[in-house]
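The values are calculated or read from the model by the stated rules, or taken from the named source; none is laboratory data. Quantities reported herein were computed from a predicted structural model and do not represent experimental measurements. Methodologically, a virtual Cβ is constructed for each residue, glycine included, from the backbone with ideal geometry; neighbour enumeration extends over all protein chains shown. Areas reflect the complete protein model, heavy atoms only, side chains present, ligands, DNA and RNA absent. Shrake-Rupley method; radii C 1.70, N 1.55, O 1.52, S 1.80 Å.
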Amino acid sequence: MAELLGTFEQSVLLSIFGLRDEAYGRAILNHVQELLQRNVSAGAVYATLERLEARGLVLSRLAEGSPARGGRARRYYTVAGEGERALSETQKALTAIWKDVQLPIQEGL
Amino acid sequence: MKMSVHAPPRWAERFLERLLPARARQVVVGDLREEYLESMLPRRGRLRADLWFIRQVASFVPQFSREVSPMGKILLWFSWFTLVCTCWLALMEMLLRHPGFELRALLAIGVAAICMATIVVRMLHVAMRTERWLWLGAALLIGVGGEAFLHSATADHFEGFAVVISVVLLVQGILMLITLGQPAKGSPRPLETTLG
C-alpha cells in the first residue's frame, strides 16, 4: 500500500482535479484556500507541488504567460495515475479509520 | 493624464528570484505578480498588496532555502540569533550613551553586518567573491567571541548573558570557517528552457 497523503497534499491534489485545465500555481493556491477555509502561504503550496511532482503524483507542463505576469511562463499541473491511486487509497484508509466512530467521541471507545 | 504603473516591490521580486531554483523562478514570480496585480491591488490597495507580496515571498524562505549541510543550517540559526542580539545591543548603546559607547555600538553593528552577510550568502548562494570577505568576518567573530569569553570568565561579576553571547560568537566563527569551503546550494534540477 502506498504512503498515505497528508491533509495539505490531499487539498493540493483535489484542487488540481477540481480546476481541470486551469490548474496552475495561482489558481491552485486560491482553490486550496477555499477548500481549507484559511489563508495558505504560496511557499507551502509550491513546495508541496514540487514534492508531489518528484514523487510522480502530478505531472506538469509549461505554457506561455500573460502580460500581467511580465511574460513569465505558467506551469499547469495534472494529477498522474499514481496520484489518483494515492488519493483513492488515502480516502479508503480514512473511511475505514472513521467507520465505527460517532462524534462526539464516546468515552471508552 | 499619466497613469502610475503599479508593480510588486522590486527588491522582494529580486530576492525571490535569487532564492528559487531555476526551474521554479519564472513560474512562481509570474504567479505572485499576477495575483498581486489582478486580485490584491484592486481589492486591498497598494500598501496591503505590498505586504501580502512580501509575506508570500517570506513563505518561500524555509521551503526553498538552498542551505543543505547540517552545519550550515546550525550556522544560519546562530547567525539569526546573533543578528538580533547585536542589533539590540547597538540600539541600547546608542540610547544609553555610556562612556565609550561609540566603539561598542560600532563593534555590534560590524558583527551584525557579518551575520547578515552570512545569512545572505548561505541562503541565496551569492557569488563566491563575497564569501572571501566572510573569512575575515569569521576571524573577527572568533576574536571578539574569545576576548568576550575570557573577559567574562575573569570578571568579578559573572554575567551569564555575556558568556552565552561570547560562546555563540566563537561557535559561529568556527562554523563559518568550516562551512565556507562547502557549497550552500543543493543540486539544482535541470533548467527547462523550452515550453510545452
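So B:LEU103 clears everything in (1) under 30 Å from B:GLU17 (Cβ atoms); (2) more than 10 Å from the chain's Cα centre (by Cα); (3) of a type in the set (A, V, I, L, M) except one condition, right? Which one?
(1)
Among the residues of region A:69-85 satisfying the criterion of being assigned to a helix (DSSP H, G or I) and open to solvent by less than 10 Å² (accessible area, probe 1.4 Å), which is farthest from the other protein chains (Cβ to nearest Cβ)?
Selected residue: A:GLY83.
What are the residues in region B:29-43 that are out of contact with any strand residue (DSSP E or B) (no Cβ under 9 Å at 6 or more places or on another chain), within 17 Å of A:HIS31 (Cβ to Cβ), without any contact (Cβ under 8 Å) to a residue 24 or more places away in the chain and at the interface with another protein chain (Cβ under 7 Å from one of its Cβ atoms), if any?
B:GLU35, B:GLU38
If you scan region A:47-68, which residues turn out to be open to solvent by 10 Å² or more (accessible area, probe 1.4 Å) and within 21 Å of B:GLU17 (Cβ to Cβ)?
Across region A:47-68, the qualifying residues are A:ALA47, A:GLU50, A:GLU53, A:SER60, A:LEU62, A:ALA63, A:GLU64, A:GLY65, A:SER66, A:PRO67, A:ALA68.
Test each condition in (1) open to solvent by 50 Å² or more (accessible area, probe 1.4 Å); (2) within 14 Å of chain B (Cβ to nearest Cβ) for A:GLN37 and report the one that comes out false.
Tallying (1) open to solvent by 50 Å² or more (accessible area, probe 1.4 Å); (2) within 14 Å of chain B (Cβ to nearest Cβ), A:GLN37 fails exactly one: (2).
When B:ARG48 is evaluated against the numbered criteria (1) open to solvent by less than 20 Å² (accessible area, probe 1.4 Å); (2) within 14 Å of chain A (Cβ to nearest Cβ), which criterion, by number, is the only one it fails?
If we test B:ARG48 against (1) open to solvent by less than 20 Å² (accessible area, probe 1.4 Å); (2) within 14 Å of chain A (Cβ to nearest Cβ), just (1) comes out false.
Quick one: in region A:20-34, which of the residues that are part of a helix (DSSP H, G or I) and aliphatic (A, V, I, L, M) is farthest from the other protein chains (Cβ to nearest Cβ)?
Across region A:20-34, the extreme among qualifying residues is A:VAL32.
Does A:LEU13 meet the test of being under 24 Å from B:GLN26 (Cα atoms), away from chain B (no Cβ under 14 Å) and in contact (Cβ under 8 Å) with a residue 12 or more places away in the chain?
Against the criterion (under 24 Å from B:GLN26 (Cα atoms), away from chain B (no Cβ under 14 Å) and in contact (Cβ under 8 Å) with a residue 12 or more places away in the chain), A:LEU13 qualifies.
Look at B:ALA24 and say whether it is in contact with a strand residue (DSSP E or B) (Cβ under 9 Å, 6 or more places away or on another chain), among the aliphatic types (A, V, I, L, M), under 26 Å from A:ARG72 (Cα atoms) and within 14 Å of another protein chain (Cβ to nearest Cβ).
In short, yes.
Would you call B:ALA49 within 13 Å of B:LEU19 (Cα to Cα) and either in the same structural domain as B:GLY30 (by TED's automatic domain parsing) or free of Cβ contacts under 8 Å to residues at least 12 places away in the same chain (or both)?
So B:ALA49 fails the test.
Please work out which residue is nearest to A:GLY71 (Cα to Cα), limiting yourself to region B:53-74 and to residues that are more than 10 Å from chain A (Cβ to nearest Cβ) and free of Cβ contacts under 8 Å to residues at least 40 places away in the same chain.
B:LYS73
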